[in-house]
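Participant: Please read through the structure below; I'll follow up with questions.
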Amino acid sequence: MSDEAPTPAAPTDEEVAVDHAIDRLAERFPQVPRDRIADLVHQRHLDYTGAPVRDFIPVLIEHDVKRELAAEVTPLA
């Protein structure tokens, strides 16, 4: 029996793409705290739980959050 903690799984392509969406949104909306952007993105990600086709989920999430943030603040880009 090993006392070593299990190594965390490598992030999926979808998780990496979602993280990149957070980066792009934070760059476009620097006046919005990054934590708020990350929270919005993760909330939207949960909305797509169980979606059979996953390829466009990060793009849809970014679009949804960008539209929500744009309604609240003026983007700098």
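Bear in mind these aren't lab numbers, they're just calculated from the coordinates by the rules spelled out. The shown structure was predicted, so the numbers you read here are calculated from the model rather than taken from an experiment. Don't worry about glycine lacking a Cβ; one is built from the backbone with ideal geometry, like all the others, and counts go over all protein chains shown.
Participant: With the checklist (1) loosely packed, with under 11 Cβ neighbours inside 10 Å; (2) small (Gly, Ala, Ser); (3) touching a residue at least 24 places away in the same chain (Cβ under 8 Å) in hand, flag the one item residue 21 doesn't pass.
Facilitator: The single condition residue 21 does not satisfy is (1).
Participant: Please enumerate the residues belonging to region 26-59 that are over 9 Å from the mean Cα position of the chain (by Cα), within 17 Å of residue 72 (Cβ to Cβ) and not charged (D, E, K, R). Step through it out loud before you land on a result.
Facilitator: Looking only at region 26-59, we keep the residues that are over 9 Å from the mean Cα position of the chain (by Cα), and these are 26-36, 46-57, 59.
Applying the additional criterion that residues be within 17 Å of residue 72 (Cβ to Cβ) yields 26-36.
Across region 26-59, the qualifying residues are 26, 29, 30, 31, 32, 33.
Participant: To continue, here is another question. Would you pick out the residues in region 24-62 that are exposed (fewer than 15 other Cβ atoms within 10 Å of the Cβ) and among the small types (Gly, Ala, Ser)?
Facilitator: Answer for region 24-62, where residues must be exposed (fewer than 15 other Cβ atoms within 10 Å of the Cβ) and among the small types (Gly, Ala, Ser): 50, 51.
Participant: Taking interchain pairs and intrachain pairs at least six residues apart, which have beta carbon atoms under 8 angstrom, with the first residue in region 38-65 and at negative phi and the second buried (at least 18 other Cβ atoms within 10 Å of the Cβ) and of a type in the set (Lys, Arg)?
Facilitator: 60/44; 61/44; 64/44; 65/44
Participant: Give 30, 58 a once-over and let me know the one that is part of a loop (DSSP other than H, G, I, E, B) and out of contact with any strand residue (DSSP E or B) (no Cβ under 8 Å at 6 or more places or on another chain). Working first, answer last.
Facilitator: Values: 58 fails: part of a loop (DSSP other than H, G, I, E, B).
Within the list 30, 58, the selection yields 30.
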